[in-house]
Amino acid sequence: MAEDVRALSAQLAQDPQSLVFLRLSEALRRKGQLDQALRVALNGLERHPHLADAHDLYARVLTDKHDYERAFDEWDMALRIAPNHTGALKGLAFLYFKVGDLQQAESHLELAQRIEPDDPSIQQAVAMVRGGAAPPPPSASASPPVPTPAVHTEVEAAPLLDESRVFAGLEGAQEGLVLLDAAGRVLGGALRNPAGADVTDAVAAYLAGVSQEAARTAKLLGLGAWTGLSAEGKHGNVHVSHPSKDALLLVVRDRGVPLGRLAILAQRATAMARRWLEKQ
Amino acid sequence: MNHTLDLVTRVRGVRGAMLVSADDGLVVAEQLMEGIKGSAVAALAASLAGRLRRAMEAAGLGASVFWHLQADQGTLLVVPAASGMLVVAVAEPDVNIGLVRLELLRAGEAIA
């Protein structure tokens, strides 16, 4: 394997525009050299942004690094480029299973099975999900990945998330996201402290009224309408937004997620919460 | 105290800065642009800081190190200092948040 990596590195150095980066990154990933695998995948992705296999590969490395939010985005992008990409479908199924959305996990696997009915790994994953067991983490086939033709035309719509649960598909939906009404009552999501205890109600009670106070402060300062409140704690970060006039959305992450990235995640969660609230 | 606030107000886009007593919301020192009601802002900032502190402690996130309120036409940035004071800045919406945060933290250390 070490020779493979060296040989592939040499090939890539000779022709940086080639698709060898797919095999090199996968080889590094299999060796557990995730940082290097990530760097190679990212460099390749910058050169081939419309290659579904590149997004799939990057998502697999991110999954190995437990960065599920970004992995979700990458597989989502792979499917936008190539709607029949079974690697991306399997990857999303895996992530849906992780957030407890068995229905979405199964439907993604079923779609993958329709596309590749003879793939035993998909059959096995479907059986596992139906039996309540986690499908195996997605991995590349033993053979080198076959690049999917690049699509430079109009991007196809991504599959819609199941919004019967407010934050379906977002990492931390049941431990780091909570939607409240103006009185501090929980509408969806849940919060757990670092010890794993459910602190949803306590935090909700303290946050009730923040919306009015933030609005008064912004108005007094002539700042217009408030759009968000970010706070950095010693053990974690938090972002508060208001998807509607009366609702408050709280997103909590550990300090490994910087405030800027937390704000991006919160924007996505806010949009989902807004759509969910509009349907009620 | 005013020298401490200078650290913050010299950042481009900052409209003013204050030191506020976190317990009672009273202004300890201020360098604000005309038109900003320092005493009212101090009271609300302290109240908001108190709510956030309690919520963050309940969530197991520990004490708040820095927070900022984003609004359409500006932002309010706050660092709770060890001395029981809040270092507060009011800034334009396109201010360099990272830079103001650093200066607020430095100011907070200076008054600790």
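The values are calculated or read from the model by the stated rules, or taken from the named source; none is laboratory data. Since we're looking at a predicted model, the values are computed, not measured. Note that each Cβ is placed from the backbone with ideal geometry, even for glycine, and that neighbours are counted across all protein chains shown.
Checking each residue in the range A:242-267 for being crowded, with 16+ Cβ neighbours inside 10 Å and part of a helix (DSSP H, G or I) picks out A:259, A:262, A:263, A:265, A:266.
Taking the listed residues A:92, A:57, the one that is within 23 Å of residue A:261 (Cα to Cα), touching a residue at least 60 places away in the same chain (Cβ under 8 Å), surrounded by 23 or more Cβ atoms within 10 Å (Cβ to Cβ) and not hydroxyl-bearing (Ser, Thr, Tyr) is A:57, with no other qualifying.
Taken over the range A:222-239, the criterion of being in contact with a Ser or Thr (Cβ under 8 Å, 6 or more places away or on another chain), in a strand (DSSP E or B) and not aromatic (Phe, Trp, Tyr) is satisfied by A:227, A:228, A:229, A:231, A:232, A:233, A:237, A:238, A:239. Against the list (1) in a strand (DSSP E or B); (2) more than 8 Å from chain B (Cβ to nearest Cβ), the condition residue A:219 fails is (1). The test for being farther than 24 Å from residue A:178 by Cβ and more than 14 Å from the chain's Cα centre (by Cα) holds for residue B:12.
With the condition kept exactly as written, say whether any residue in the range A:189-211 is surrounded by fewer than 19 Cβ atoms within 10 Å (Cβ to Cβ), facing another protein chain (nearest Cβ under 7 Å), at pLDDT 85 or above and not in a strand (DSSP E or B). Within the range A:189-211 (the criterion being surrounded by fewer than 19 Cβ atoms within 10 Å (Cβ to Cβ), facing another protein chain (nearest Cβ under 7 Å), at pLDDT 85 or above and not in a strand (DSSP E or B)), the answer is no, since none of the residues qualifies.
The residues of the range B:10-27 that are without any contact (Cβ under 8 Å) to a residue 60 or more places away in the chain and surrounded by 16 or more Cβ atoms within 10 Å (Cβ to Cβ), listed by number, are B:25, B:27.
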